[in-house]
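Undergrad: This is the structure I have questions about; it appears just below.
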Amino acid sequence: WQAFESIIPNLSEYHLYIPDLRGHGKSGRTTGHYRLQDYADDIISFIKNRVDAPAYVFGHSLGGMIALLVTAQYPEGVRAVAVGDSPLSSQSWHQVMFAKTNDRVRAWQKISGGHIPIDQLIEILKDSPTEEPGNPNPMPMRKVYGEDSLVFPWLAENLYHQDPDMLSAILDRFDDTVVGYKMDLVFSKIKCPTL
């Protein structure tokens, strides 16, 4: 949720709930239980038990896929949904994960989980390869983002608190992780305003 701290003040007229998903941030770890449906069940339970009225739901990346499942499966609990930078099908997510970012995510998996101090994670990340727009050859992140970019402490903090098995669910158990994320079925059940 820290990635959105800069926009939180603009939403002060709303009662905000900004939970960390299981295996992320300071939420508990549930090894072997990182399917999209597991996350959706958590958020549905959270809305039912913590939110008095139908909620406006926003999800980014993984959270966007979860938001769509929640909206489809618990329509009476969602007033409107907004999705940002999320794959809208398991096929497109697979393509991104395995054709474009697999090596990077595998490297992040090895350094996640809190066994490497954050200051060391920052240095590892600065030297890790990434794509630069218009350049077909990967370059060290420090050259693409700049030595003092805020992306390094932010990403290091995320990786430090992240359960490596959450990434294993995507990399090693992808088909099981996305079971039920079929857009023709999900979209047909969403009746509320959707962005």
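The values are calculated or read from the model by the stated rules, or taken from the named source; none is laboratory data. Here the structure is a predicted model, which means the values were calculated and not measured. FYI the Cβ positions are ideal-geometry reconstructions off the backbone, even for glycines, and counts take in every protein chain you see. Side chains are part of the model used for accessible areas, which takes the heavy atoms of the whole protein and leaves out ligands, DNA and RNA. Shrake-Rupley method; radii C 1.70, N 1.55, O 1.52, S 1.80 Å.
Undergrad: Lysine pairs in the chain 8 or more apart or on different chains: how many have alpha carbons under 27 angstrom apart?
TA: 14
Undergrad: Which one of P9, T130, A67 has its Cα pushed farthest toward the positive end of the charge dipole of the stretch 1-146, where Lys and Arg give +1 and Asp and Glu give -1 at the Cβ?
TA: T130
Undergrad: Hey, what does the equivalent ellipsoid look like for the stretch 4-98, semi-axes from the Cα gyration tensor as sqrt of 5 times each eigenvalue, largest first, whole Å?
TA: On the way: eigenvalues 91, 50, 45 Å².
Equivalent ellipsoid semi-axes, largest first: 21, 16, 15 Å.
Undergrad: Relative to the present Cα-Cα distance, how much length would full extension add between D119 and L88 at 0.36 nm per residue of separation?
TA: Working: separation 31, 0.36 × 31 = 11.16 nm, distance 3.51 nm.
Extra length available between D119 and L88 comes to 7.6 nm.
Undergrad: Also: Roughly what angle does helix 62-73 make with the longest principal axis of the chain, taking Cα atoms, 0 to 90 degrees, to the nearest 10?
TA: 10 degrees
Undergrad: Please compute the modelled spin-label separation between E157 and V179, points set 7 Å along Cα→Cβ, answer in nm with one decimal.
TA: Simple spin-label model gives 3.6 nm for this pair.
Undergrad: Express the accessible area of the chain per residue in Å², computed with a 1.4 Å probe while the remaining protein chains stay in the model. Walk me through the intermediate numbers first.
TA: Numbers: 11210 Å² over 195 residues.
Normalised by residue count, the accessible surface of the chain is 57 Å².
Undergrad: Return the carbon/sulfur percentage of the accessible area of the stretch 33-115, one whole number, probe 1.4 Å, all protein chains in place. All intermediate terms of the calculation are to be shown ahead of the outcome.
TA: Values: 2050 of 4100 Å².
Result for the stretch 33-115: 50 percent of the exposed heavy-atom area is carbon or sulfur.
Undergrad: Q91: net charge of surrounding residues, Cβ under 13 Å, Lys/Arg +1, Asp/Glu -1, itself excluded?
TA: Numbers: positive: K182; negative: D175, D184.
After counting each charged neighbour, the total is -1.
Undergrad: Taking the 0 to 90 degree range and rounding to the nearest ten, how far is the long axis of helix 118-127 tilted relative to the main principal axis of the chain, both from C-alpha atoms?
TA: The angle comes out at about 70 degrees.
Undergrad: Now for a different question. Largest first, what is the accessible-area ranking of S6, S168 with a 1.4 Å probe?
TA: Working: S6 95, S168 20 Å².
Result, largest first: S6, S168.
Undergrad: Can you tell me the dipole magnitude for the stretch 55-195 around its Cα centre, using point charges on the Cβ only (Lys, Arg +1; Asp, Glu -1), in Debye to the nearest 20? Intermediate values should be presented prior to the final figure.
TA: Details: 12 positive and 17 negative charges, 93 e Å.
Roughly 440 debye for the stretch 55-195.
Undergrad: Rounded, prolate or oblate, given the Cα gyration tensor of the stretch 122-177, with a/c below 1.5 counting as rounded? Could you put the intermediate results ahead of the total?
TA: Working: a/c = 3.27, a/b = 1.51, b/c = 2.17.
Because a/c hits 1.5 or more and a/b fails to exceed b/c, the stretch 122-177 counts as oblate.
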